[in-house]
Amino acid sequence: MDAIWLKIKADLRSRRLVAALITLTIAAASMLLTLALATLVNMDAPYERTFEALNGAHLWLYFDRQLVRRRDIERIAALPEVVQSTGVQYSVNSRVRIGNTRVWVSLRAIPESMEDWPVNRLWIEQGRGLQRGQLEALAGKDLNDLYHLQVGDRIGITRADGKQVELPVIGLAYNPMWDTYRNTQPPYVYLSEDTLRALYPEQESWDRSLGLRLADPEATQAVLTQIEAMLRPDTLVTHTDWHDVRRAAVFGARINFIFLGAFSLFAIVAAVLVITNNISSTVLAQFRQIGVLKAVGFAPGQIVLLYVGEYVVLAAIGTPIGLAAGIVLSPLPLKNVAASLSATFRPPWNLALVAAVLTAVPLIVILATLTSAYRGARANIIKAMAVGAEPPRHRPSLPMRLATALGLPMTWLLGLNDVFARPWRSFLTTLNLALGVIGIVFGLTLSETLDTYRNDPSLLGVVYDAVVTRGQTGDAQTRHLLSRSPDVEAFYGQVMVDVETADGRSFQVRAVEGNLAAFPFRITQGRFFAPGSDEAIAGQGLLDWLGLSIGDLISVQIKGEHGVPVTWRIVGQYPEPVNTGQMLMVNLSSLARRLKEPQPRTYYLKLSANADTARLKKYLEPRPDADLNLALVGQAIPGVVIYLQMAIFALAAVVIGIALVNVFNTSLLTVHEKMRTVGMLKTVGMTPAQVITMIGAAAGFLGVLATLAGVPAGFALTRTLLATFSKAYGFGQVQVVLNPLYALGLLPLMVAVSVLGSWLPGRRAAGISIVDVLRHE
Amino acid sequence: MSALVELVDLEKTYPVGGSTFYALRGVSLQVQRGDFVAIMGPSGSGKSTLLHLTGGLDRPTAGRVRVGEHWLQQMNESELARFRRANIGFVFQFFHLIDNLTVQANVELPALLLEKKNKKAIRQRSTALLERLGIAAQAHKHPWELSGGQQQRVAIARALINSPTLLLGDEPTGNLDSASGQEVLHILEEFNALGQTILMVTHDAVAASRARHVLFIRDGLLVDALPGGDAQRIARRVTELQ
């Protein structure tokens, strides 16, 4: 044992640079692993975590303000199944101005103190909560997603007396019971009750709602039935079930799950490969020494113990450093990741994660060392001393013969010869570089695909330039105005209809009429519906959800109606941009007779080529309190996707950095091992520049191999992931794009990375003293 | 300028701990074209250092080295490399062949570094050398598949492939058995007879006796010279000097 420890110390002292590089690699891999695990920790049940942290309500009831009585609320709150209630919640639906856009929102009174707020608290994502006595607003985070409302902006509210009031936005909040789907509620703006009263003094005009926390969270339907039975008919207008909100939240976050899951998986695999590759290469490079050690009496077990001991010492230094770096750096990316999942950030300071990293990394190190050291321990002493781990091939390899036939310079040939002389080590280095390539291709493909969709929003199903909504103005008057505007080339009206299938699955139908042919609807499968027919087109999400195909009939009941179901034949599939693709589009004429309000309130516009949007806005909204509201189409790609794109690029950069360190390390080891050969080559006349070229040629060739392998692998990986993502998101097929020029550009980049990684070791080799090498023989 | 090699007041020192070790203390020497000179001396006497400085593998602390028309102390690293490539052939005690190249590739390597185009001529020359040295059958083998004697013959072929002005041997028989050593010396004699200038460092009086001249070095100074041929006389002189 003393001999082993003596040798461990001697090795670590004599090869300080190599030991430092391996420690650095282990630390980088540990950091990557920490970030990956921390991402998984933050991805774990985000909705449930937030819901519990905020003591979310399981059931939210919206009442008719004319019919509901205080006694009703008290009776509901006193039900044995109800554990806690929010008490009556007051709100007013109103239009507010955000920038140049007027938006319908629900202005909701909330308690100013957390103590008065036992159920369904809000999570303040940015800024702060309301302060007593201040005229200010706390906005729902959806207003940030939809209209880019920021903390510090001002929103314009029209008071009951018609006067405009501007309130500063002091924070953005997440409400665990605001349903992003199947919800007729507009986005929320939270005010103090005093502020709401100052704006709308007539309390009778306020809407009433109530949030309930139940003893059995699964019993929402039973409790709802019980409540409906208690109340007079039509007292309960609508409700929100926490199951629906959770489903919508999970749907909405699915894209994030896919990308983050892929990131974590990729990072974990990369961490394992980096460690395995590095240690295997290092042990393989010491095969001659293993032969000598065996010759002087080391038993195979002692050889294994020696190398395992060496790398465990390095892992013991590198792992805590990487863990600490990962923990320190994790808030930078993960706070946003958590926010994108509408969850609070979980710092990776938990015992399980720390234990996992501190156990997993040394374990990987031990396994990687065991495999290589065991090979060394079993090697024939004479052969190991003579030729190292990999005996040279008897015949030059095909690529080597090809390179010779091509008449490549001798220095290049010598470099390439080294690559093929040690195929296993070359393979490991190439694998590491290829990981970097895969990371870049992943980022590039994602970026280009998003750019394609950004440049052509019709691919996402966004086929209009602007949306007009109306209040009191009649449908005919609105159409008249739109048809007279020189800035509007075409328009169609839409009524959104809530429907339900026979088995109780509810979704929304876009019932449209107008100049549809002028809009570039993208039909990914089948065809567009014929005008005036009972045909429909569906989003991929709806087809998947209901198990339908093109050609199938779909029958639904209009919500709130009890007549004969409406039936359409699905003739095509289109990319539906919202509601996870769970939408249907039909002719308005096919169900207009069945609707209480059959006239559109929303109109989608195609603007003329030289449209003056400012003039159009002034035309449709001549006064601040104008009834018509024009909103130009903003960014079609959600901001969170752009963030994820950047995260993927950051990952690619980390992997490239590790690849660079690894090429450096491998080149250094190779140079160390080749010292005698380099000395010899210099003796027979190789110049320092030729030595650098020779070592660079070997590394550059591995860069070429890595690019050739990594580009298709990266593209295939991205395509698979995006296909999964698009299916989950209800887009149908996604056009995955990678510019061949970028792919070609990767070739010089990876060659440059490889050559750069080998440059310093090459210089070191070029500078070695021939006499020193010969003296050490 | 009649001598092929001219060493003038060569000094070489190495720092050892806090002090300075003098490997050479002002050696001056001339080697004529076509000569075969052996340098003998005890371990640490400076004989290998002398060889390294002559071949441009190392730089003197003081003094000058000329080989042919080249003053080595004026050259930078790249110029020295090109000089070695064209003018010097080295044969070492431990062969220093490249493991993952075949015998023939090892031999051709310096020529390929020197002449990038004329590969056919290089192949002809390497084949001829291998045949002459009796190892043509081993041309496609790797060094580790050969005996020590065979490996040293490969090293000699490699040293001669560029028809160097000067062949330097650093204990070329030191790692060989007696019979193989004799074969190597015989080969060197043959090439010397054809006009090849050889400077060889050796411990072995028998090997030194195969040279035309034998120089004795001790403590970094040339102390004596004898003609070659008489191994016993050379051995006695070595003993006297120790």
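What follows is calculated from the coordinates using simple rules that are stated; it is not laboratory data. From a predicted model like this one, the values you see are computed outputs, not experimental measurements. Heads up, the Cβs are rebuilt from the backbone with ideal geometry, glycines too, and the neighbour counts pull from every protein chain shown.
Projected onto its three principal axes, the C-alpha set of the range B:47-96 covers 30, 23, 18 Å, listed from the longest axis down.
Take each residue of peptide B:73-84, count the partner chain Cβ atoms within 10 Å of its Cβ, and average: the result is 4.
Segment A:Leu408..A:Glu48, full-extension length gain: 123.3 nm, with 0.36 nm per residue of separation and the alpha-carbon distance subtracted. Partner aspartates and glutamates whose Cα lies under 16 Å from the Cα of B:Lys12, excluding those fewer than 8 positions away in the same chain, are identified as A:Asp772, B:Asp58, B:Asp219.
Shape class of the range A:1-121 from the Cα gyration tensor (axes a ≥ b ≥ c, square roots of the eigenvalues): prolate, since a/c reaches 1.5 or more and a/b is larger than b/c.
A simple spin-label model places the labels of A:Gln226 and B:Phe21 9.5 nm from each other, with each point 7 Å out along Cα-to-Cβ.
Of the GluC sites (Glu not before Pro) found in the range B:63-104, those in coil by DSSP whose Cβ has at most 16 other Cβ atoms within 10 Å are B:Glu69. Using helices alone, I'd like the mean residue ellipticity at 222 nm for chain A: each DSSP H run of four-plus residues gives -39500 (n - 2.57), total over residue count, nearest 500. Helices in chain A give a 222 nm mean residue ellipticity of -17500 deg cm²/dmol.
In the P(r) worked out for the range A:463-632, what percent of Cα pairs fall beyond 25 Å? Looking at the range A:463-632, the distances longer than 25 Å represent 35 percent of pairs.
Bridgeable aspartates and glutamates around B:Lys119 (alpha carbons under 20 Å apart, same-chain partners fewer than 8 residues away excluded): B:Glu108, B:Glu131.
A helix-only calculation puts chain B at -11500 deg cm²/dmol for mean residue ellipticity at 222 nm, using -39500 (n - 2.57) for each DSSP H run of at least four residues, averaged over all residues. Taking label points 7 Å from Cα along the Cα-to-Cβ direction, A:Ala689 and B:Glu240 give a separation of 5.3 nm. By other beta-carbon atoms within 10 Å, ranking B:Arg85, A:Arg121, A:Arg69 with the fewest at the front produces A:Arg69, A:Arg121, B:Arg85.
Taken about its Cα centre, chain A carries a charge dipole of roughly 2980 debye when the Cβ of each Lys and Arg holds +1 and the Cβ of each Asp and Glu holds -1.
Using 31 Å as the Cα-Cα cut-off, could you pick out the over-long pairs in A:Lys163/A:Lys596; A:Lys559/A:Lys618; A:Lys163/A:Lys618? From A:Lys163/A:Lys596; A:Lys559/A:Lys618; A:Lys163/A:Lys618, over 31 Å: A:Lys163/A:Lys596; A:Lys559/A:Lys618.
With coordinates expressed along the principal axes, the C-alpha atoms belonging to the protein assembly as shown extend over 132, 59, 48 Å, beginning with the largest.
On full extension, the segment bounded by A:Leu265 and A:Asp216 gains 14.0 nm, given 0.36 nm per residue less the C-alpha separation.
Counting only residues at least eight positions apart within a chain, or on another chain, the lysines with an alpha carbon under 25 Å from that of B:Lys120 are A:Lys682, B:Lys141. Working from Cα pairs under 8 Å separated by at least six residues, relative contact order for chain B is 27 percent.
In this label model, A:Ile321 and A:Gln66 are separated by 7.5 nm, measuring between points 7 Å along each Cα→Cβ vector. Here chain B carries DSSP beta bridges of which approximately 55% are antiparallel, counting only pairs with both residues inside. So for chain A, taking the charge dipole from beta-carbon charges (+1 Lys/Arg, -1 Asp/Glu), which of A:Val564, A:Thr724, A:Leu749 sits furthest toward the positive end? Going by the Cα projections, it comes out as A:Leu749. Take every pair of alpha-carbon atoms less than 8 Å apart whose residues are at least six positions apart; their mean separation over the length of chain A yields a relative contact order of 16 percent.
Just so you know, the Cα atoms of the range A:65-234 work out to an Rg and Dmax of 16.6, 49 Å.
In plain terms, the chain from A:Arg13 to A:Asn55 could stretch by 9.4 nm, reckoned as 0.36 nm per residue minus the Cα-Cα distance. Legend: helices of chain B (whole DSSP H runs) are marked when their alpha-carbon atoms reach 20 angstrom or more along the helix axis and their mean Kyte-Doolittle hydropathy is at least -0.5; marked are B:178-193. By other beta-carbon atoms within 10 Å, ranking B:Leu226, A:Leu210 with the fewest at the front produces B:Leu226, A:Leu210. Of all the options B:Pro15, B:Pro60, B:Pro227, the one that moves most in a Gaussian network model of chain B with Cα springs shorter than 10 angstrom is B:Pro15. Projecting the Cα atoms of B:Val27, B:Phe95, B:Val201 onto the charge dipole of chain B (Cβ charges, centred on the Cα centre) puts B:Phe95 farthest toward the positive pole.
Here B:Trp71, A:Trp568 are placed in order of increasing Cβ neighbour count within 10 Å, fewest first, which gives B:Trp71, A:Trp568.
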